[in-house]
Each structure stands twice: as C-alpha cells, then as structure tokens.
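Novice: Just dropping this structure here.
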Amino acid sequence: MFTPERTRELFAKSSAIIEGHFVGTNGKHFSVYVAKDRATRLTSVTSELCQGIAERFAGNDIDAVVAPAKGGLPLSQWTAHHLTRLRPDRPEVLALYSEHEDKVLVEVKKGDRPIIVELAFDHTIKIKEGEMIFLRRPTFVLKRGFEKDVRGKRVLEVEDILTTGGSAARTAQAIVEAGGILVGLGVLANGGGVTAFNVGVDRLEALMDIGQKLFSEEECARIGLCAQGTPVNTEFGHGAAFLARKTHNR
C-alpha cells in the first residue's frame, strides 16, 4: 500500500512542500503550501503518486477518470494509465477533465470600432478588434463530448490538493449532472480536513493529510499569521491578489 510517508518523500524530492504564509482561492490563510506543479514537472513523481491513487480504486471497475483543468490534467492521464495497467481484464480507462464555464460579455469583431469598458474599480480598458472580455464562472462543466463519455459510466474524480474542497465539489457535481456514476475522489493531499460529505462523494482517499488550521481574513488578522507579522507569499497561492485588494481598499 502506498504510504503517506512515501508521498511526503516524493513531494520533498520535487521541493513541493513550502512553509510560510499563503492565501487560498477562497481567501483562507494557512501555513503549508503544496506546490503540486513542482511535483508534476517530474513524470516519475507524477506517475508514482497517481499509481498510489489507482491502487486504492483498482477494484472499483473504473471506466473514466475526471480531473479539473488545468492543474489536474497530468493526474487524470497518469491515474487512468495505472488503472488500465492494474486491470488488464477491463477496457482502457478514459482520461477526461472538467473546465470552467465561460461566457463572453464583450466582443469586438472584425471591422468594429474599439470599445471603452469602465471597470468597477475606477479603471477603463480599451477592447480592440479581435479581443473580448469573458466571465469565468466558478462552476465546472464537462465539454468536448466528455459528458457523453461519462454518462452511465463508473467515474473516479482526482484532484491535487484539497484546501476547502470547493473545486472538487464542483467537478463532482459536473460528473453527476452529466449522468456519470461517481465512485469516489482520490487526492494527493488533504490540506484542510475536507471530508467526503463536504465534497459530495461517498468515498474520499487522500495519499497524505496535512495537519494545519485555516484562518479567515479576520481570524488571521486577530490570531493568525497576519497577527504574527509573517509576510504573505506572493509567488504561490493568491497572496498577490490579496495584497493588491488590501492596498486598493486603503
């Protein structure tokens, strides 16, 4: 059985575990960041991690693996590969992905005059010929015919790191709405104590748990890393956007 200790070794090998002060997509502050992109640069590391997930679901007759784009693409590919290898008696497992739902708000087509758009924070931008502004919704959907690939099929969802489980829950919803039979969720690391119930799956398997407390912005300012004066990391996570917003609101 693939162990949490081996997972940590592989993350350490790729310098993927970073300590400091980070801000997540949901605004939560925390002290340990797993830079999964560092790990997935190395195909040997990605392959072994995904083999660990595949081994836990090898007996579940998985037909397709779905991960949220873009970060989950290597996980979908490698997990499907190992599930196929572990079950040569079954058809090849499909490697699919979910995407954000986009809606075009402003588009300047060929021959149209440029448009000046006023933004909410006292800025304007000029949209020229061939350019557009689109709204990226937080929800995930299955496109490119993938919704047909999962309909009536046994599907495994894979994710890299769980902090709140929001993106995993939205991908799970996309799979179910497309008619897929969601068997479970396999993740590299659970960084926020997320449960199967939180994500909306019957089974959650994490190769490693990261024991850490998540702070809201207010809690962090009062008793967390902000109160301790620990600088916000702007290279990883969403610290740069957090600091930009703080500066703008002053």
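Novice: Does residue 63 count as modelled with pLDDT of 90 or more and touching a Lys or Arg at 6+ places or on another chain (Cβ under 6 Å)? Talk me through it step by step, then tell me what you get.
Specialist: Values: modelled with pLDDT of 90 or more: yes; touching a Lys or Arg at 6+ places or on another chain (Cβ under 6 Å): yes.
When the stated conditions are applied, residue 63 passes them.
Novice: When the residues of the range 41-65 are narrowed to those that are under 19 Å from residue 97 (Cβ atoms) and in contact with a Phe, Trp or Tyr (Cβ under 7 Å, 6 or more places away or on another chain), which ends up surrounded by the fewest Cβ atoms within 10 Å (Cβ to Cβ)?
Specialist: Per the stated criteria, the residue is 47.
Novice: Picking from 118, 92, which residue would you name as being acidic (Asp, Glu) and modelled with pLDDT under 90?
Specialist: Working: 92 fails: modelled with pLDDT under 90.
Exactly one of 118, 92 is acidic (Asp, Glu) and modelled with pLDDT under 90, namely 118.
Novice: List pairs: first residue in the range 231-250 and more than 13 Å from residue 29 (Cβ to Cβ), second residue aromatic (Phe, Trp, Tyr) and at pLDDT below 85 anywhere in the structure, Cβ distance under 9 angstrom, at least six positions apart or on different chains.
Specialist: 248/121
Novice: Can you give me the ranges of the strands (runs of 3 or more DSSP E) entirely in the range 145-221 with at least 2 residues that are touching a residue at least 24 places away in the same chain (Cβ under 8 Å) and acidic (Asp, Glu)?
Specialist: Values: elements: 154-162, 181-190, 204-206.
Once the strands (runs of 3 or more DSSP E) in the range 145-221 are filtered for at least 2 residues that are touching a residue at least 24 places away in the same chain (Cβ under 8 Å) and acidic (Asp, Glu), what remains is 154-162.
Novice: A further question on this structure: So which residues in the range 50-73 are over 18 Å from residue 150 (Cα atoms) and among the β-branched types (Val, Ile, Thr)?
Specialist: Hit for the range 50-73 is 53, nothing else.
Novice: If you don't mind, there's one more thing I want to ask. Output the residues belonging to the range 222-250 that are surrounded by fewer than 16 Cβ atoms within 10 Å (Cβ to Cβ) and outside any loop (DSSP other than H, G, I, E, B).
Specialist: 222, 223, 240, 241, 243, 244, 245, 246, 247, 248, 249
Novice: Which one of the conditions (1) more than 21 Å from residue 95 (Cα to Cα); (2) among the hydroxyl-bearing types (Ser, Thr, Tyr); (3) surrounded by fewer than 16 Cβ atoms within 10 Å (Cβ to Cβ); (4) under 15 Å from the mean Cα position of the chain (by Cα) does residue 139 fail to meet, given that it meets all the rest?
Specialist: Failing condition for residue 139: (1).
Novice: Continuing with the same structure: Return the residues of the range 3-33 that are of a type outside the set (Val, Ile, Thr), closer than 21 Å to residue 168 by Cβ and surrounded by fewer than 19 Cβ atoms within 10 Å (Cβ to Cβ); say none if nothing qualifies.
Specialist: Passing the criteria: 4, 26, 27.
Novice: Quick one: residue 165 ticks every box in (1) within 14 Å of residue 211 (Cα to Cα); (2) buried (at least 19 other Cβ atoms within 10 Å of the Cβ) except a single one, so which number is it?
Specialist: (1)
Novice: Could I ask something else about it? When the range 22-31 is examined, which residues are found to be under 16 Å from the mean Cα position of the chain (by Cα) and either farther than 14 Å from residue 161 by Cβ or aliphatic (A, V, I, L, M) (or both)?
Specialist: 23, 27
Novice: Would you mind finding the one in 92, 99 that is in a strand (DSSP E or B) and surrounded by fewer than 23 Cβ atoms within 10 Å (Cβ to Cβ)? Can you show your working first?
Specialist: On the way: 92 fails: in a strand (DSSP E or B).
The conditions single out 99.
Condition check ((1) touching a strand residue (DSSP E or B) at 6+ places or on another chain (Cβ under 9 Å); (2) among the β-branched types (Val, Ile, Thr); (3) at pLDDT 90 or above) across all residues:
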{"position": "34", "(1), (2), (3)": "yes, yes, no"}
{"position": "47", "(1), (2), (3)": "no, no, yes"}
{"position": "54", "(1), (2), (3)": "yes, no, yes"}
{"position": "58", "(1), (2), (3)": "no, no, yes"}
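The values are calculated or read from the model by the stated rules, or taken from the named source; none is laboratory data. None of these values were measured; they are calculated from a predicted model. Here the Cβ is made from the backbone with ideal geometry for all residues, glycine too, and neighbour counts use every protein chain on show.
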